[in-house]
Amino acid sequence: MDVIDPAICPLCGSTNMCAMEVAKATGRPLEQCRCVDGVFSPEVLESLPEEAKGKACICSNCAANAQLIS
């Protein structure tokens, strides 16, 4: 099993810029992120590797391409 990096998108492998991870890394105030605010289709959530679910945010490009709902 691969180690999940919470700063890397589990779908494409690019930096995900998760607001919560950026806040932890920089000491900036915590901001809400698309991984908390967004509602994703069941197909997108099912496409995530099991070990990444709830541990790594989808990047903005993948979120846009995955038809982020709301």
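Distances between placed amide hydrogens fall under 5 Å for ILE8 paired with ASN16, all partners being 5 or more residues away or on another chain.
Rounded to the nearest Hz, the phi-derived 3J(HN,Hα) couplings of segment 25-39 under the Karplus curve 6.51 cos²θ - 1.76 cosθ + 1.60 (θ = phi - 60°) are 6, 9, x, 6, x, 5, 10, 5, 10, 4, 6, 9, 7, x, 10, where x marks glycine and proline.
Extension gain, VAL22 to ALA7, is 4.6 nm, computed as 0.36 nm per intervening residue step minus the present C-alpha separation.
For the chain, the residue among MET17, ILE4, VAL44 whose Cα projects farthest onto the positive side of the dipole built from Cβ charges is MET17. A Cβ-based charge dipole, computed about the Cα centre of the chain with Lys and Arg at +1 and Asp and Glu at -1, lands at about 260 debye.
No lab work stands behind these numbers, since they all come straight from the coordinates. Everything numeric in this text was worked out from a predicted model, so none of it was measured. Positions of Cβ are generated from backbone atoms using ideal geometry, with glycine treated the same way; all protein chains shown enter the neighbour counts.
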